[in-house]
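Undergrad: Before I ask anything, here is the structure I am working with.
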Amino acid sequence: RGYPGWHIECSAMSMKYLGETLDIHTGGEDHLFPHHEDEIAQSEGATGKPFVNFWVHKKHILVNGEKMAKSKGNFYTIPDLEKREYAPLVYRFFILSNHYRSQTNFTFEKMDEAKNQLNRLIEFKERLEKITKDKDESEDVKKVLKETHKNFEKYINDDLNIPKALDEIFEMIKKINKIADADNLTKKDSQKALNFLKKFDEVLAILDYKPRKTKIDENEVKKLIAERNKARKEKNFKQADEIRQKLLDMGIEIKDTDKDTEWKVK
Ligand SMILES: [Zn+2]
């Protein structure tokens, strides 16, 4: 009688793609009860096997110390953040730099901090790529990498302590930068360090970040969109197309809807 509630489809879909026992199941803290308890009950009842090995529940994110809500206007989507020049990977880095069990408080100051740190990481990677010194590898670098690798794994294995693992990476950057400043970093060293960065990025997936070189001027974008809409009204499609191209060159994509023209960062 009746029809299945919203718990059953989670069991059905996850089993279809991941098998009867999932290794890690994540969710927000509000899913602990009843949703995940129901998932366990119905899945284990059906299969007789453990449904999940590890549960990871993220605490809710606050915005400026308050609960996120559309009605409060403190609700940001990824495109909203992009318009303020925070790439999606900056947000990812921000989330990673807070432990999942702790309460994350979103502020734009913290997003700036995340952006700066991510920039430091990318600058370091680019520096390594430019090292050409043709000499044997240095024992110091070997030692730093070995130590970092060991600690990185230790923290990841300790209930996904990613903030601490990230600290290790930035400690390593400091040490290797010092060696490079003294002109003691060889090409072999930098290759090793780059390989290491790629290895840890299998866990973090942040290295693809490309810092924007040009600034987005929101007023300029709005002005161009208004000009284009005027040109369209006057059936001057050539000019309208030119303005669209100009916006594209600035890294802005536009979409015309019934009401107005929406824009987003490419
Ligand atoms: Zn679910």
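Undergrad: Whole number please: convex hull volume per residue, Cα atoms of the chain, in Å³.
TA: So the per-residue hull volume is 212 Å³.
Undergrad: How much length, in nm to one decimal, is gained on full extension between residue 229 and residue 159, taken as 0.36 nm per residue of separation minus their Cα-Cα distance?
TA: Extending this stretch completely gives an extra 19.9 nm.
Undergrad: OK, next. Shape of the stretch 163-221 from its Cα gyration tensor (a ≥ b ≥ c, root eigenvalues): rounded if a/c is under 1.5, otherwise prolate when a/b > b/c, or oblate?
TA: The shape class here is prolate.
Undergrad: At a Cα cut-off below 18 Å, give the aspartates and glutamates reachable from residue 58, other chains included and same-chain residues fewer than 8 away excluded.
TA: Filter leaves 23, 29, 30, 37, 39, 66, 158, 159.
Undergrad: Would you mind telling me which residue in 221, 90, 144 has the biggest mean-square fluctuation in a Gaussian network model of the chain, where springs connect alpha carbons within a distance under 10 angstrom?
TA: With Cα springs under 10 Å in the chain, the top fluctuation among 221, 90, 144 is at 221.
Undergrad: Give me 128, 197 sorted ascending by neighbouring Cβ count inside 10 Å, so fewest comes first.
TA: The most exposed by this proxy come first: 197, 128.
Undergrad: Contour minus end-to-end for residue 71 and residue 199, with contour as 0.36 nm per residue of separation and end-to-end as the Cα-Cα distance?
TA: 41.9 nm
Undergrad: Please report the equivalent ellipsoid semi-axes of the stretch 218-265, computed as sqrt(5 x eigenvalue) of the Cα gyration tensor, largest first, in whole Å.
TA: Ellipsoid semi-axes (Å, largest first): 16, 12, 9.
Undergrad: Pop out the ³J(HN,Hα) list for the stretch 129-143 in order, Karplus 6.51 cos²θ - 1.76 cosθ + 1.60 with θ = phi - 60°, rounded to Hz; leave Gly and Pro as x.
TA: These are the phi-based 3J(HN,Hα) values: 5, 8, 6, 10, 3, 9, 8, 5, 5, 9, 5, 4, 5, 3, 5 Hz.
Undergrad: If you count, for each residue, the other Cβ atoms within 10 Å and average over each peptide, how do 131-140, 203-212 line up from highest to lowest?
TA: Result, highest mean Cβ count within 10 Å first: 203-212, 131-140.
Undergrad: Could you calculate, for the stretch 111-266, the ratio of the Cα radius of gyration to the Kirkwood radius, expressed as Rg to Rh?
TA: So for the stretch 111-266, dividing Rg by the Kirkwood Rh gives 1.21.
Undergrad: May I pose another question? Averaged over all directions, how much area does the convex hull of the C-alpha atoms of the stretch 8-58 cover when projected, in nm²?
TA: 3.1
Undergrad: In whole Hz and in residue order, list the ³J(HN,Hα) couplings for the stretch 82-93 that follow from phi through the Karplus curve 6.51 cos²θ - 1.76 cosθ + 1.60, θ = phi - 60°; x for Gly and Pro.
TA: For the stretch 82-93, the Karplus-derived couplings read 5, 5, 8, 6, 10, 5, x, 5, 5, 5, 4, 4 Hz, x marking Gly and Pro.
Undergrad: Run through all the Cα pairs of the stretch 130-204 and give the fraction in each 10 Å bin from 0, expressed as whole percent.
TA: 20, 51, 23, 5, 0
Undergrad: Given R₀ = 35 Å, what would the calculated FRET efficiency be for residue 218 paired with residue 139, taking r from the Cβ atoms and rounding to 0.05?
TA: My answer for the efficiency is 0.10.
Quick note: the coordinates plus some simple rules give every number you see, no bench work behind them. These numbers come from a predicted model, not from an experiment. Glycine gets a Cβ as well: all are built from the backbone with ideal geometry, and neighbour counts include every protein chain shown.
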